[in-house]
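The values are calculated or read from the model by the stated rules, or taken from the named source; none is laboratory data. Note that the structure is predicted; figures quoted are calculated from it, not measured. Neighbour counts run over all protein chains shown; Cβ positions are idealised from the backbone, glycine included.
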Amino acid sequence: MTTTTIKLLRVTYLRGPNIWTYRPVIEAWVDIGALEDQPSNTIPGLYERLTALLPGLQAHRCGVGEPGGFLQRLRDGTWAAHILEHVVIELQNLAGMQSGFGKARETSVRGVYKMAFRTRQEQVGRAALAAANDLLMAAIDDLPYDLDSTIVKLRDMVDSLCLGPSTAHIVDAATDRGIPHIRLTEGNLVQLGHGSSQRRIWTAETDHTSAIAEEIAGDKDLTKSLLSACGVPVPQGQLVQTVEEAWEVAQDVGLPVAIKPEDGNHGRGVSLDLDQRHDVEAAFTLAQGQGSGGVIIEQFIPGNEHRLLIVGKRVIAAARGETASVTGDGQSTILELVNSQLNSDPRRGINEDAPLGLIEPDKSAEIQLDLERQGFTAASIPAKDKTVLIQRNGNVSNDVTDIMHPTVAAMAALAARVVGLDIAGVDMVLEDISKPLTSQRGAVVEVNASPGLLAHLKPAAGSPRPIGKAIIEHLFDADKNGRIPVVGVTGTRNTTRIARLVAWLLFISGKHVGLSCQDGFFLGNRQVEAKDGVNWEGSERVLINRGVDAGVFENSSRMILSEGLAYDKCSVGVVTDVSDFESLSEFYIDTSDKLYNVIRTQVDVILPSGTAVLNAADPQVVQMAPLCDGNVIFYGLDAKLPAIANHRVGGERVVYLHKQHIVLSQGMEEVGSIPLNTLKPSKADQPEMVMAAVAAAWALGLSPELIGAGLRTFDSTSKKSI
């Protein structure tokens, strides 16, 4: 047993691509103290205690590359920082926030490690790290640990802080398409794409969801009127204001009737199959209390409740509802029967990821009204084998998409178009969704904005539907990925001036450019802010701006180490040099090789369609070329530099200096030449800086002539222009 503790020296949330991985991670600097002399195989009982607490560790692959790999390392002997990494990953998994990535590496200080793990939400990740530390120390010291309480707390955090399952499903579908995303609030408002190519979603609403259409959908009487005028079958009915009027209208439209609030949703205040005056009056009072307007009395249409999801102009999914009943045993109350026969179904729950909700007769006025019609209350004890209807509507979670008749789908899609919603949930009552609409008494009873998606993502029965994929296809054409040209500049030599010059060249090409660099934050030819913009906040301001057609970012090694890159991928990555590791000693960067691993992050994120612009005179920068998934342009003062010469032989693009001209060459063929003596002295005396910017602009498709014109007009001393 040890008396030491594991100290967390520093915990940093790296929100973008970093030295560990492409995705957000929490990096912890961990001092394991005396445990440096006590690997896991020297601590009696640790293996058994840890695996008893966390049996899921069996699935962790670790360096072996197969399930059980981590446990093998634990048995053979590994160090506390590595164990902590796997414990925090497993705690996140148990809390419902899946994670699989983690690494731990020694620093140059004995006993101090850098450990990183993937997390989808910073606060949850930090809490899981603290809990993992406590759990591991309890296992090491053979002390009790309340795992259940920890998981409950973490799950509550996941439920309240993470994206909801429906939004997360859409975001995952965007990721599969290579579309970046930015969470704009602590809720479910998410930006898909960057700059002027972005779209926004709020779960099942998009930036093209009409506010007018939402207002129409919220007015049930107006919706019915519009649908009926356009040939969509709807139940006949009327809006009423008083209980006396309710009974009169009920008789006029024909008993039995359905009653609902004019502006209700989610089935609240809805009563069905009413044919007695006292039931109609009670249902009216219930509906009036659930809405802010009048009450709708309409024909009751017999059949099953269905929810059809329309995205764009197509029905993507259909689910059928079913009534919920219990059978008496002569001893239990209805409330007890509901809990034992219905709520015990593992598909039911209070969380958003449960396909069916819990049924609470003692809290639902709608259920209580139905029970009263049958002569019961929630406390009644039905006779043995007596069937009691608990819920007439709801429970819409049985997928029937594959058997849906085309005429039913066409009518639902028409209903959504009439209201004007791009994403809609159309509620229909149908006898059989597989039969033509003309052969049955079917009707559209509601059209809902912001429909629930979970019934289609996790149906209680049937196949899940790719709702996220359909929504992404609706938002983005097949050849679009929501990206704008993004240029990142990394290194220490003139990176600010290179970034500003690239931004200027893009600006004169006709693009509205956002620039974040040490000189500040720029939009177009205007300096918006003068403070240092080499940070996450400054960079993200460019990416979320809907008016920006291209973004240019100066990225320092310090930013990569402390925050990560603000973008997931870029079109062009410029690397000027690998130098000055001494200034990063606080990050345990104490060799040029360690700095190399930091700066290479800029090259790692270049798109397959993109280009790395690399300084041919720096050997470590040249070594980054094979890391690029796209093309490479080398630049340098001398065409005889090995990297440039070999690149030309291979037919690739290079930029070099020859007879006081900046030469752009594709293989051995000269594409363009820009004389240095036409440039302002402040640029002409730093040709490497200019060549880096020229190469970046060339990689983005600008012609040599336009680049030359841009160089002649660029003034890096001006704060009023890029």
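For first residues located in segment 69-93 and at positive phi, partners that are not in a helix (DSSP H, G or I) and lie 6+ apart or on another chain with Cβ distances below 8 Å form the pairs 77/39. Taking the criterion of being within 15 Å of residue 54 (Cα to Cα) and either at pLDDT 95 or above or not in a loop (DSSP other than H, G, I, E, B) (or both), the residues of segment 84-113 that qualify are 84, 85, 86, 87, 88, 89, 90, 91, 92, 93, 94, 95.
Based on this model, can you work out whether residue 222 counts as within 21 Å of residue 450 (Cβ to Cβ), without any contact (Cβ under 8 Å) to a residue 40 or more places away in the chain and either part of a helix (DSSP H, G or I) or not assigned by TED's automatic domain parsing to the domain that holds residue 190 (or both)? Walk me through it before giving the result.
Values: within 21 Å of residue 450 (Cβ to Cβ): yes; without any contact (Cβ under 8 Å) to a residue 40 or more places away in the chain: yes; either part of a helix (DSSP H, G or I) or not assigned by TED's automatic domain parsing to the domain that holds residue 190 (or both): yes.
In short, yes.
The number of residues in segment 685-700 that are at pLDDT 95 or above and part of a loop (DSSP other than H, G, I, E, B) comes to 1.
Is it the case that residue 14 is under 17 Å from residue 139 (Cβ atoms) and either surrounded by fewer than 20 Cβ atoms within 10 Å (Cβ to Cβ) or in contact (Cβ under 8 Å) with a residue 40 or more places away in the chain (or both)? Spell out how you get there, then give the answer.
On the way: under 17 Å from residue 139 (Cβ atoms): no; either surrounded by fewer than 20 Cβ atoms within 10 Å (Cβ to Cβ) or in contact (Cβ under 8 Å) with a residue 40 or more places away in the chain (or both): yes.
Against the criterion (under 17 Å from residue 139 (Cβ atoms) and either surrounded by fewer than 20 Cβ atoms within 10 Å (Cβ to Cβ) or in contact (Cβ under 8 Å) with a residue 40 or more places away in the chain (or both)), residue 14 does not qualify.
In segment 547-564, what residues are in contact with a Lys or Arg (Cβ under 9 Å, 6 or more places away or on another chain) and closer than 22 Å to residue 183 by Cα? Hits for segment 547-564 are 548, 549, 550, 552, 563, 564.
One residue alone among 176, 148, 207 is in the same structural domain as residue 51 (by TED's automatic domain parsing) and surrounded by fewer than 16 Cβ atoms within 10 Å (Cβ to Cβ), and that residue is 148.
Residues in segment 426-456 that are within 38 Å of the chain's Cα centre (by Cα) and of a type in the set (Ser, Thr, Tyr) were compared, and the one that is surrounded by the most Cβ atoms within 10 Å (Cβ to Cβ) is 450.
Name the single residue that is farthest from residue 146 (Cα to Cα) among those in segment 28-45 being crowded, with 18+ Cβ neighbours inside 10 Å and over 39 Å from the mean Cα position of the chain (by Cα). Filtering segment 28-45 for residues that are crowded, with 18+ Cβ neighbours inside 10 Å and over 39 Å from the mean Cα position of the chain (by Cα), the one farthest from residue 146 (Cα to Cα) comes out as 38. The sole residue among 665, 682, 703 that is over 34 Å from the mean Cα position of the chain (by Cα), over 20 Å from residue 579 (Cβ atoms) and at pLDDT below 95 is 682. Taking residue 75 as the residue in question, decide whether it is of a type outside the set (A, V, I, L, M, F, W, C), surrounded by fewer than 17 Cβ atoms within 10 Å (Cβ to Cβ) and assigned to a helix (DSSP H, G or I). Criteria met by residue 75. Checking every residue in segment 46-66 against the condition of being surrounded by fewer than 18 Cβ atoms within 10 Å (Cβ to Cβ), in contact with a Lys or Arg (Cβ under 8 Å, 6 or more places away or on another chain), part of a helix (DSSP H, G or I) and modelled with pLDDT under 95 gives at least one match.
Is there a residue being among the small types (Gly, Ala, Ser) and surrounded by fewer than 18 Cβ atoms within 10 Å (Cβ to Cβ) anywhere in segment 413-422? Walk me through it before giving the result.
So the first thing to find is which residues in segment 413-422 are among the small types (Gly, Ala, Ser), and the list is 413, 415-416, 420.
This time we only want the ones that are surrounded by fewer than 18 Cβ atoms within 10 Å (Cβ to Cβ), so: none.
Looking for residues that are among the small types (Gly, Ala, Ser) and surrounded by fewer than 18 Cβ atoms within 10 Å (Cβ to Cβ), one finds none in segment 413-422, hence no.
Within segment 598-632, can you find the residues that are surrounded by fewer than 16 Cβ atoms within 10 Å (Cβ to Cβ) and within 31 Å of the chain's Cα centre (by Cα)? Even if it seems obvious, please write down each step before you answer.
Taking segment 598-632 first, the residues surrounded by fewer than 16 Cβ atoms within 10 Å (Cβ to Cβ) are 608-609, 619, 623, 626-627, 629.
Those that are surrounded by fewer than 16 Cβ atoms within 10 Å (Cβ to Cβ) and within 31 Å of the chain's Cα centre (by Cα): 608, 609, 626, 627, 629.
Looking only at residues of segment 232-248 that are surrounded by fewer than 19 Cβ atoms within 10 Å (Cβ to Cβ) and in contact (Cβ under 8 Å) with a residue 40 or more places away in the chain, we find that the one that is farthest from residue 221 (Cα to Cα) is 243.
Any idea how many residues of segment 114-129 are touching a residue at least 60 places away in the same chain (Cβ under 8 Å) and in a helix (DSSP H, G or I)?
First pass over segment 114-129, keeping only residues touching a residue at least 60 places away in the same chain (Cβ under 8 Å): 114-120, 122, 125-126, 129.
Going one step further and asking which of them are in a helix (DSSP H, G or I), we end up with 122, 125-126, 129.
Qualifying residue count, segment 114-129: 4.
To keep it simple, each residue is scored yes or no on (1) among the basic types (Lys, Arg); (2) part of a strand (DSSP E or B); (3) touching a residue at least 12 places away in the same chain (Cβ under 8 Å); (4) closer than 22 Å to residue 196 by Cα.
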| residue | (1), (2), (3), (4) |
| --- | --- |
| 484 | no, no, yes, yes |
| 496 | no, no, yes, no |
| 521 | no, yes, yes, yes |
| 537 | no, no, no, yes |
| 547 | no, no, yes, yes |
| 553 | no, yes, yes, yes |
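Is one or more of the residues making up segment 181-191 on the phi < 0 side of the Ramachandran plot and in a helix (DSSP H, G or I)? Give the steps one after another, and end with the answer.
Taking segment 181-191 as the starting set, the residues that turn out to be on the phi < 0 side of the Ramachandran plot are 181-191.
With in a helix (DSSP H, G or I) added as a condition, the list becomes none.
The answer is no; no qualifying residue exists.
Is it the case that some residue within segment 426-448 is in contact with a helix residue (DSSP H, G or I) (Cβ under 8 Å, 6 or more places away or on another chain), within 28 Å of residue 177 (Cβ to Cβ) and among the acidic types (Asp, Glu)? No, the conditions are met nowhere in segment 426-448.
Can you tell me which residues in segment 313-334 are surrounded by fewer than 19 Cβ atoms within 10 Å (Cβ to Cβ) and either at pLDDT 95 or above or under 19 Å from residue 374 (Cα atoms) (or both)?
Correct list: 314, 322, 323, 325, 327, 329, 330, 331, 332, 333.
When you check residue 422 against the structure, is it more than 27 Å from residue 349 (Cβ to Cβ) and at pLDDT 95 or above, yes or no? Working first, answer last.
On the way: more than 27 Å from residue 349 (Cβ to Cβ): yes; at pLDDT 95 or above: yes.
It is true that residue 422 is more than 27 Å from residue 349 (Cβ to Cβ) and at pLDDT 95 or above.
Scan segment 248-303 for residues that are assigned to a helix (DSSP H, G or I), over 38 Å from the mean Cα position of the chain (by Cα) and of a type outside the set (A, V, I, L, M, F, W, C) and jot them down. Lay out the reasoning, then the answer.
Taking segment 248-303 and keeping what is assigned to a helix (DSSP H, G or I), we get 248-253, 277-290.
Add one more test, that the residue is over 38 Å from the mean Cα position of the chain (by Cα), and what stays is 248-253, 277-286, 288.
Matches in segment 248-303: 248, 251, 252, 277, 278, 279, 281, 285, 288.
Within segment 335-351, the set of residues being in contact with a helix residue (DSSP H, G or I) (Cβ under 8 Å, 6 or more places away or on another chain) and loosely packed, with under 15 Cβ neighbours inside 10 Å comprises just one member, 351.
Matching residues to (1) under 30 Å from residue 590 (Cα atoms); (2) in contact with a Ser or Thr (Cβ under 8 Å, 6 or more places away or on another chain):
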position: 84; (1), (2): yes, no
position: 94; (1), (2): no, no
position: 110; (1), (2): yes, no
position: 124; (1), (2): no, no
position: 137; (1), (2): no, yes
position: 141; (1), (2): no, yes
position: 144; (1), (2): no, no
position: 176; (1), (2): no, no
position: 188; (1), (2): no, yes
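Cβ-Cβ distances below 6 Å connect the following pairs, each with a first residue in segment 397-420 that is closer than 15 Å to residue 437 by Cα, a second residue that is buried (at least 21 other Cβ atoms within 10 Å of the Cβ) and small (Gly, Ala, Ser), and a separation of six or more residues or different chains: 404/318. Check 614, 637, 627, 595 and return the single one that is within 24 Å of residue 108 (Cβ to Cβ), touching a residue at least 12 places away in the same chain (Cβ under 8 Å), in the same structural domain as residue 553 (by TED's automatic domain parsing) and in contact with a helix residue (DSSP H, G or I) (Cβ under 9 Å, 6 or more places away or on another chain). Every option except 595 fails the conditions.
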